Amino acid sequence: MCFVDVKFFVERHGDEDADDLAELADDLKSELDQSGKGDVDLLFREAEPGAPVTRGAIAVAGALIVHLGEASGLDGLFKSLFDWMARRERGVEISVNGVELKVTRATAGEQERMIQAALDRIAAGA
């Protein structure tokens, strides 16, 4: 069994603040919780006073972590994420065991390639 932690960072738009991003992260957390694809938690409950609000263009306040029992769960987790992204018109930065992806929009074929690339990289590192 290969335990995998997946981090998601919701893309910040315009003048959104930490509260806006936390709301989006809560929404994504609810969706991923309902999918049953892993143990989902907010990476940061709220930005600490004086802490950076963004990680590059990606908001730290909009960050989640998902703990998976095995890498094979990535497929369903990513599909739930891509569905949420399409409805919200949001990009998400993904970090899986050192593999980082920034996804803004992806076709079904691109999604499958990203999932497979992440799985291959994890398998190579295991």
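Every number here is computed from the coordinates shown, using simple stated rules; none is lab data. Predicted, not measured: the structure shown is a model, and the values here were computed from it. All Cβ positions, glycine included, derive from the backbone under ideal geometry; neighbour counts span all protein chains shown.
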Inset, instruction - Grab the beta carbon distance between His13 and Glu110, set R0 = 25 Å, and tell me the FRET efficiency rounded to 0.05. - result: 0.70
Inset, instruction - Would you tally the net charge around Glu110, using a Cβ to Cβ cut-off of less than 14 Å, leaving Glu110 out, and scoring K and R as +1, D and E as -1? - result: +3
Inset, instruction - Would you mind computing, in nm to one decimal, how far apart the modelled labels at Ala117 and Lys79 are, each placed 7 Å from Cα along Cα→Cβ? - result: 2.1
Legend entry - Residue-span extension gain [Arg87 to Leu42] - 0.36 nm each, minus C-alpha spacing: 14.2 nm
